[in-house]
Amino acid sequence: MFRLQFISALGLGIKSLMLHKLRSGLTMLGIIFGVCSVIAMLAIGEGASYAAQEAIKKLGSNNIIIRSLKPAEQSRQQSAGGGGMRGMQLKYGLTYDDGSRLQATIPGVVRVLPKRIIRENVRFNRNEVPCQVIGTLPTYLEVTSAEIVRGRFLCQLDEQHQDNVCVITTGLAQRLFPYQDPLEHSVKIDSFYYRVVGLLQERAMPDKRPQSGKMEGEPIDNNVYIPLSTTRARFGEVLIRRSAGSFEAEEVQLHEITVRMRDLEAVETADPQVKAVLERFHDQDDYEVIVPLELLRQAEEQKRIFNIVLGSIAAISLLVGGIGIMNIMLATVTERTREIGVRRALGAKRRDIITQFLVETVVLSVGGGLIGVAVGVTTPFVVSQLTDMPTIITPWSVLLAFGISGAVGIIFGIYPARAAAQLDPIEALRHE
């Protein structure tokens with residue numbers, strides 16, 4: 001019996017709405033845009049957060065990264081000195097002894113990976129590409145997420161013999177060797193030739209070399225990896241940059257040390273210990289300690305706050321849509337006062353009138369919600385195609401938006417429905 005009544009009320013509600021197609025369509029627009037904005041904004045926020053978190057994860061949750069940093073005082077002197085800085089040599093940053101101390105004193109250390117990073121041009125025939133020459137150890141692959149595509153990585157014999165061998169990234173190989181096999185040739189860096197023994201794929205998105213914990217910097221698509229001992233022998237400890245009659249010399253033994261810990265608990269314990277060891281042997285702030293685990297947790301917290309803010313802003317659109325539905329339904333009650341009086345006179349009860357108007361508001365909100373879901377799912381895809389911005393549509397955001405749209409129809413439809421049911425049948429019949 002109830003089922004038949006509901007089907008009858010549903011048919012009557014849809015018929016009433018179809019009598020005013022334009023008005024019903026305009027009323028649904030508020031719900032459509034509200035649902036669409038909730039899904040689209042959460043998808044864009046989720047995509048942006050995911051990209052940041054993935055970049056942090058690629059640094060290694062079990063790693064502690066220490067980077068040499070030019071002291072602020074020396075940077076100011078260098079900027080203010082101008083021509084007076086000719087011949088000045090700056091000495092700062094991490095040392096080989098720092099790596100040995102960390103390996104020997106910090107519990108839970110699995111690997112200590114030192115790196116020297118030198119900016120040079122790499123050449124093959126007429127092709128020349130600016131790159132980062134990275135001197136490192138054969139344990140690089142164990143500590144990072146890099147992967148050998150072809151050939152091999154550096155080995156212990158390369159390190160012991162200071163061999164002129166190198167591994168290059170796939171992106172650099174495409175630029176230097178558009179038509180040749182890189183593994184059959186050598187590249188020239190400075191005045192030395194290095195035989196290419198492997199191609200490496202950085203599995204991270206373009207690596208951002210964080211400064212003070214910020215994910216900003218340059219991509220790592222143009223990297224050349226050579227043995228650390230070869231870097232010391234070929235480039236020395238002092239790096240000189242010449243320009244217009246002056247030069248700047250910097251003595252930096254190591255530009256980066258990555259400490260690989262046993263597990264996440266060891267990372268949390270080792271963080272203050274690493275800082276204490278470095279503070280003891282460094283008189284100036286010439287290094288920075290980056291803990292990807294902490295950055296990841298901060299990113300996850302920011303994601304949660306970001307989603308709440310975006311969801312709240314988008315939900316306002318649904319609220320406005322609900323108010324629009326209530327406004328239209330109140331106007332409908334006034335227009336159909338005589339119809340309500342006739343139905344009451346023929347035996348319809350108040351709950352029948354309430355059901356009729358609630359059905360109409362729910363049809364408007366649910367119909368608008370379904371259309372809004374379709375548009376909302378399509379919008380992030382279009383944004384990704386036009387801007388290369390990653391977007392992620394989560395099932396919970398779709399269910400949340402659609403559920404709110406249905407709830408809006410019920411909540412904002414109750415008052416007009418009750419107002420219609422409270423009309424006096426005799427007064428309603430007299431209404432013109």
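As an exercise, take the mean of 1/r over every pair of distinct alpha carbons in the stretch 328-432, invert it, and state the Kirkwood radius in angstroms. Spell out each step's value before the answer.
Values: mean 1/r = 0.0629 Å⁻¹.
This gives a value of 15.9 Å.
Do the alpha carbons of any pairs in LYS21/LYS349; LYS91/LYS188; LYS91/LYS275; LYS115/LYS188 sit beyond 22 Å of each other, and which pairs? Please list the in-between numbers first.
Details: LYS21/LYS349 28 Å; LYS91/LYS188 28 Å; LYS91/LYS275 20 Å; LYS115/LYS188 20 Å.
In this structure, LYS21/LYS349; LYS91/LYS188 exceed 22 Å between Cα atoms.
Calculation over all alpha carbon pairs of the stretch 278-321 in 5 angstrom steps from 0 returns a P(r) of 5, 17, 12, 10, 11, 10, 9, 8, 5, 5, 3, 3, 1 percent.
For LYS275 and ILE410, a Förster radius of 60 Å and the Cβ-Cβ distance give a FRET efficiency of 0.60, rounded to the nearest 0.05. Over the C-alpha trace of the stretch 262-406, radius of gyration and Dmax come out as 27.9, 95 angstrom. Based on the convex hull around the alpha carbon atoms, the stretch 293-360 presents an average projected area of 6.3 nm². For the stretch 113-206, go through all pairs of different Cα atoms, get the mean of 1/r, take its inverse, and jot down that Kirkwood value in Å. Kirkwood hydrodynamic radius for the stretch 113-206: 13.7 Å.
Sorting the segments 183-194, 226-237, 363-374 by their mean number of nearby beta carbons within 10 angstrom, highest to lowest, gives 363-374, 226-237, 183-194. FRET efficiency for the GLN180 to ILE305 pair, using the beta carbon distance and R₀ = 60 Å, is estimated at 0.75. Among 161-170, 269-278, sorting by the average number of other beta carbon atoms lying within 10 angstrom of each residue, highest first, gives 161-170, 269-278.
What FRET efficiency comes out for GLN160 versus ALA51 if R0 is 35 angstrom and r is the Cβ-Cβ distance? Round to the nearest 0.05.
Numbers: r = 41 Å, r/R0 = 1.16.
In this case the efficiency is close to 0.30.
The order of VAL109, VAL143 by accessible area, most exposed first and with a 1.4 Å probe, is VAL109, VAL143.
Can you sort ARG262, ARG175 by 1.4 Å-probe accessible area, starting with the largest? Kindly include the intermediate steps, with their values, before the conclusion.
On the way: ARG262 150, ARG175 110 Å².
If we order ARG262, ARG175 from most to least accessible, we get ARG262, ARG175.
Backbone phi angles across the stretch 145-153, fed through the Karplus curve with coefficients 6.51, -1.76 and 1.60 (θ = phi - 60°), yield HN-Hα couplings of 9, 6, 9, 6, 8, 9, x, 9, 9 Hz in residue order; Gly and Pro are listed as x.
From the P(r) of the stretch 350-406, can you give the percent of Cα pairs sitting at distances over 12 Å? Display every interim value, and only then the final one.
Working: 1113 of 1596 pairs.
Tail of the P(r) past 12 Å holds 70 percent of the pairs.
Note on THR394 and GLU335: the extension gain reaches 17.0 nm, defined as 0.36 nm multiplied by sequence separation minus the Cα-Cα distance. Taking each residue as 0.36 nm, the span from ARG262 to MET18 lengthens on full extension beyond its C-alpha to C-alpha distance by 81.1 nm.
The values are calculated or read from the model by the stated rules, or taken from the named source; none is laboratory data. All figures in this text were calculated on a predicted structure; none of them were measured in a lab. So basically every Cβ, Gly included, is an ideal-geometry build from the backbone, and we count neighbours across all protein chains shown. Quick note on the areas: whole protein, heavy atoms, side chains included, nothing else; ligands and nucleic acids left out. Shrake-Rupley method; radii C 1.70, N 1.55, O 1.52, S 1.80 Å.
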